[in-house]
1. Does any residue of region 594-606 turn out to be hydroxyl-bearing (Ser, Thr, Tyr), in a helix (DSSP H, G or I) and either surrounded by fewer than 17 Cβ atoms within 10 Å (Cβ to Cβ) or in contact (Cβ under 8 Å) with a residue 24 or more places away in the chain (or both)?
2. Determine whether ALA557 is small (Gly, Ala, Ser) and farther than 18 Å from ARG524 by Cα.
3. Do we find a residue being within 32 Å of the chain's Cα centre (by Cα) and farther than 30 Å from VAL411 by Cα anywhere in region 540-558?
4. Could you check how many residues of region 465-500 are part of a helix (DSSP H, G or I), out of contact with any Phe, Trp or Tyr (no Cβ under 7 Å at 6 or more places or on another chain), of a type outside the set (D, E, K, R) and farther than 15 Å from LEU527 by Cβ?
5. Quick check on region 177-184. Is at least one of its residues surrounded by fewer than 20 Cβ atoms within 10 Å (Cβ to Cβ) and closer than 25 Å to GLN111 by Cα?
6. Name the residues in region 180-209 that are in a loop (DSSP other than H, G, I, E, B) and of a type in the set (Phe, Trp, Tyr), would you?
7. What do you reckon, is ALA289 surrounded by fewer than 17 Cβ atoms within 10 Å (Cβ to Cβ), within 23 Å of the chain's Cα centre (by Cα) and not in a helix (DSSP H, G or I)?
8. Looking at region 643-754, what helices (runs of 4 or more DSSP H) fall wholly within it and have at least 1 residues that are buried (at least 17 other Cβ atoms within 10 Å of the Cβ) and of a type in the set (Phe, Trp, Tyr)?
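The values are calculated or read from the model by the stated rules, or taken from the named source; none is laboratory data. Quick caveat, the model's predicted, so the values are computed rather than measured. Reconstructed Cβ throughout: ideal geometry from the backbone, glycine too, with neighbour counts over all protein chains shown.
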Amino acid sequence: MTGYRGPAPGTGGFPDLPARVSGTGDANAAEGAFVNTGYIGEMNVDKLNMVQQRTPREPAAWPHQVGVIPSRARSFQHRAEAQHLHTAVADGGTALLCRVLTGMGGVGKTQLAADHAHAAWQDGAVDVLVWVSADGRSAVVAGYAKAGVELCRADPNDAEGAAVSFLAWLEPKPEVRPCRWLVVLDDVADPSDLRGLWPPASPHGRVLVTTRRRDAALAGNGRRLMEVSLFTPAEAVAYLSEMMAVHGRTEPDDQLAALAADLGNLPLALAQAAVYLVDSGMTVAAYRALLADSATALADAAPDTLPDDQKYTVAAALTLSLDRADTLRPGGLARPLLQFAAFLDPNGIPDALLASAPFLDHLSAQRTCTGTTDAPPTPLSVTADAAGAALRALHRLHLVEHTPDTPYQAVRVHQLIQRAVCGTLTSDQRDAFARTAADALTDVWPAIERDTNLAQALRANATTLTNHAEDALYRPGAHLVLYRVGRSLGESGQAAAARDHFQHLTDSACRFLGPDHPDTLAARYHLARWRGRAGDTPGAVAAFAALLDDQLRVLGADHPDTLTTRHNLARSRGEAGDAAAAATAELLEDQLRVLGPDHPDTLNTRHGLARWRGEAGDVDGAVAAFAALLDDQLRVLGADHPDTLTTRHGLAWWRGRAGDAPSAVAAFADLLTDRLRVLGPDHPATLTTRYNLAWWLREAGDEQAAVEITAALLVDQARVLGEDHPQTVHARESLARWRAEIKTGGGNRDAKSR
């Protein structure tokens, strides 16, 4: 037997297997073997096949490889995961019994496993290496059966029996020369496919598994999961640079870093992008522009011929597991859930959005059929628990990252998964999902933003939604979420950002809806308002005056929006220095006639009149007007309404200006308690109240308390508003001046309203 180099059966590493294990029987074991002996002679192929079918093979000699290890990728990056695998086997080979490489599609799990297998084989660290493509149970059985035929004379006509023979052969046996083996199960699609097929634990054997799954069933019994992550930014740039250099191209690192960021540092995407750039001759900047074009499907940015024997484009690879996820309990929900998440912030979706009524209603309507015969004829109502279970199914297949411990960023989705999923939607589906996401955001957005982290997360998700599908949010009119984002920016103290947001909203509404559409006029109103809040008072006056002319023409003099614009035009004129123009009573008369005395807009106008009465010099009249307004607001709006709290602020201030500093201190202290409870500690109005409390403490003679309060306030203002925000700068200047006054023993106590 010229081709045989290993020990004879039963004398070395290949013990004889009883017939009940091998499935061959003693008669078959006694037959001569022609296969793998080197003796073929003049035998034709048909005769050889006949012999192979009725005659078991002679066991293969060591070292022996079963299956084909994928070729090493060009510009392979030696990553931390590869080092972890190397370290795990360096200690005598026993530290690694079974490692499961898990991660999203395209992160390079197979390449890491192949690199490890090639290294083990080339270094002589294993006697037998078996590589199995394990994308289904039948594939695993076939791979094991091939190993059983080649290594332990199993019957090639009995795949199940041959697989069992191979697993039995892997078991360590006393008084038999040990075999160092490595079994690689690549791309396991479902942990249940390995039920009864896990290789046995052995001090001389190791198992390496790659899979997109991270089910609990994959761990335990000596198995350990190893998460394979994306390339680091440095690894991504190094990879792209090396790939381009192979083809004689050199690109600036900053351009490659920007491209890597666009592709989310996903190895598969980087490989295909590099090939596309080389094949097309396109510049990196042009390719990035192609990717940025929402009209470009992800598949259209893939090369015609994939590199490194890759089987799937990025789009196909990233959605390969979605069908499987959709079959997991509760069936039919994973796909519409991921489609919904594809329109939101990839860096974190609040869990509240995935429990909102608009989302659950839409999920009920979009639930996909899972092929069961007992599917209900009409959609069943989906509960938050069912949606949560579908979310976990997506998490198990690495289609999302679900971290319930971070509720404001509970769900993360790789940006290319979002792109791939969106590419499967029709135009109508895309619009429906976008509007559902907008409805969900509006539904969960609190009227009062006590939690700045939640507000920031909601704004980020709304911004991503707008970037994905802005046009859908203007059908049939501008969606409320577009206004809510700008209001949130302004109310969080970011007046300039709110101004810029409403400038974009105004331009978009004019383009989509026309200049005279009520939603366009509403956007112009908010733009003028935040233009003034950002410090451009003359610009706000001009913008409100121009808006008023158009509202009078389009909406009429008695329309509530027209009256509101008149109110804000008067206010802007007052802030520009014309207190008399701001204190006109004509608007109040029209609002009393059109809206009635208890309408919130009527009450707001009374607030403005009280303020400008004081600014015009009638301090006592301002106090009386604020006191009367407060009584009506308590009756109509309630004690905790933000407008009521704002009136209490005005009343406290003007009482101080009337000469009663102790009364102002007491009023601001009480107001601060209520604003902390109602608005939260980080709301700009709460911060303003803290400053005014300090101001009137100083006016009342307690300079040290004023300094201590302002010093603590500055820390919070810098954190919430920023170091350069006008209110932060104002408080910093006041603190410096008050400290100097304490040091010199005197100062100017001329109160000035903020």
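1. Residues of region 594-606 hydroxyl-bearing (Ser, Thr, Tyr): 602, 605.
Retained after the next criterion (residues that are in a helix (DSSP H, G or I)): 602, 605.
Retained after the next criterion (residues that are either surrounded by fewer than 17 Cβ atoms within 10 Å (Cβ to Cβ) or in contact (Cβ under 8 Å) with a residue 24 or more places away in the chain (or both)): 605.
Within region 594-606 (the criterion being hydroxyl-bearing (Ser, Thr, Tyr), in a helix (DSSP H, G or I) and either surrounded by fewer than 17 Cβ atoms within 10 Å (Cβ to Cβ) or in contact (Cβ under 8 Å) with a residue 24 or more places away in the chain (or both)), the answer is yes, since at least one residue qualifies.
2. Working: small (Gly, Ala, Ser): yes; farther than 18 Å from ARG524 by Cα: no.
No, not satisfied.
3. The first filter runs over region 540-558 and keeps only residues within 32 Å of the chain's Cα centre (by Cα), leaving none.
Among the residues of region 540-558, not one is within 32 Å of the chain's Cα centre (by Cα) and farther than 30 Å from VAL411 by Cα, which makes the answer no.
4. Going through region 465-500 one residue at a time, the tally reaches 7.
5. Within region 177-184, none of the residues are surrounded by fewer than 20 Cβ atoms within 10 Å (Cβ to Cβ) and closer than 25 Å to GLN111 by Cα.
6. Here is the first cut: in region 180-209, the residues in a loop (DSSP other than H, G, I, E, B) are 180, 189-190, 195-204.
Within region 180-209, TRP198 is the sole residue that qualifies.
7. Values: surrounded by fewer than 17 Cβ atoms within 10 Å (Cβ to Cβ): yes; within 23 Å of the chain's Cα centre (by Cα): yes; not in a helix (DSSP H, G or I): no.
Spelling it out, it is not the case that ALA289 is surrounded by fewer than 17 Cβ atoms within 10 Å (Cβ to Cβ), within 23 Å of the chain's Cα centre (by Cα) and not in a helix (DSSP H, G or I).
8. On the way: elements: 661-678, 684-699, 703-720, 726-744.
In region 643-754, 661-678, 684-699, 726-744 are the helices (runs of 4 or more DSSP H) which contain 1 or more residues that are buried (at least 17 other Cβ atoms within 10 Å of the Cβ) and of a type in the set (Phe, Trp, Tyr).
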